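Student: Pasting in a structure now, in structure tokens, and then I'll have a few things to ask.
The values are calculated or read from the model by the stated rules, or taken from the named source; none is laboratory data. Keep in mind it's a predicted model, so treat the numbers as computed, not measured. No Cβ is skipped: glycine too gets one built from the backbone with ideal geometry, and neighbour counts run over all protein chains shown. When the accessible area is computed, the model is the full protein with side chains, heavy atoms only, and any ligands, DNA or RNA have been set aside. Shrake-Rupley method; radii C 1.70, N 1.55, O 1.52, S 1.80 Å.
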Amino acid sequence: MTIRLLLVFAVSLVLPVRAPAADVPPATVADKKTEPTNPWETLKPGQTADSVRALLGDPVEVRPMASPKGKAEVWVYISEVSRRVDRIDVSTPDVVINVTESDGSVRQRITPGLVRFQDVHYLTEDVCELLLFDDRYVVHKVTRRERKL
């Protein structure tokens, strides 16, 4: 009897225990919906210029484009992503001076440079360019840039 009990115990350690099937199916990657992080990700081709303006506001810049078949424009929107500060060394180098002594010998004298640091501010932003043709949204392009302030 004890051998059988030990054998059952040993088999239960080796074999995996199955959990009962749950009523809820496991979530897949397709089930998880991600919210758009930028408003231009919600644009749909064919939207009117007024609905684009209501969603995104007034563009920073409007660039007309030459088109033989209709009115084409590029609307530019800029969105701030992040800011950062880098501390850089702007010290002056050491200066070496040759000094002539009274006995005619020459020795070098080192004058230390000034040690200074400076903060450099950077701004990272997304630049979104929307193509509108005959006051209808067609497509957009987003580029990321970093500039010094």
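Student: Identify the single condition in (1) within 22 Å of residue 38 (Cβ to Cβ); (2) open to solvent by 70 Å² or more (accessible area, probe 1.4 Å); (3) without any contact (Cβ under 8 Å) to a residue 60 or more places away in the chain that residue 57 does not satisfy, given that it satisfies every other one.
Tutor: For residue 57, the exception is condition (2).
Per-residue answers, yes or no, for (1) modelled with pLDDT under 85; (2) part of a loop (DSSP other than H, G, I, E, B); (3) over 25 Å from residue 146 (Cα atoms):
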| site | (1), (2), (3) |
| --- | --- |
| 28 | yes, yes, yes |
| 46 | no, yes, yes |
| 50 | no, no, yes |
| 53 | no, no, yes |
| 59 | no, yes, no |
| 62 | no, no, no |
| 69 | no, yes, yes |
| 83 | no, no, no |
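Student: For the stretch 118-139, name all the residues that are open to solvent by 60 Å² or more (accessible area, probe 1.4 Å), in a strand (DSSP E or B) and not aliphatic (A, V, I, L, M).
Tutor: Within the stretch 118-139, 118, 119, 121, 133, 136 qualify.
Student: Here is a follow-up. Give me the pairs, please: first residue somewhere in the stretch 67-96 and within 30 Å of residue 137 (Cβ to Cβ), second residue anywhere and open to solvent by 90 Å² or more (accessible area, probe 1.4 Å) and outside any strand (DSSP E or B), beta-carbon distance under 8 Å, and either six or more positions apart or on two chains.
Tutor: As it stands, the answer is 72/66; 76/60; 77/60; 78/60, since those pairs meet every condition given.
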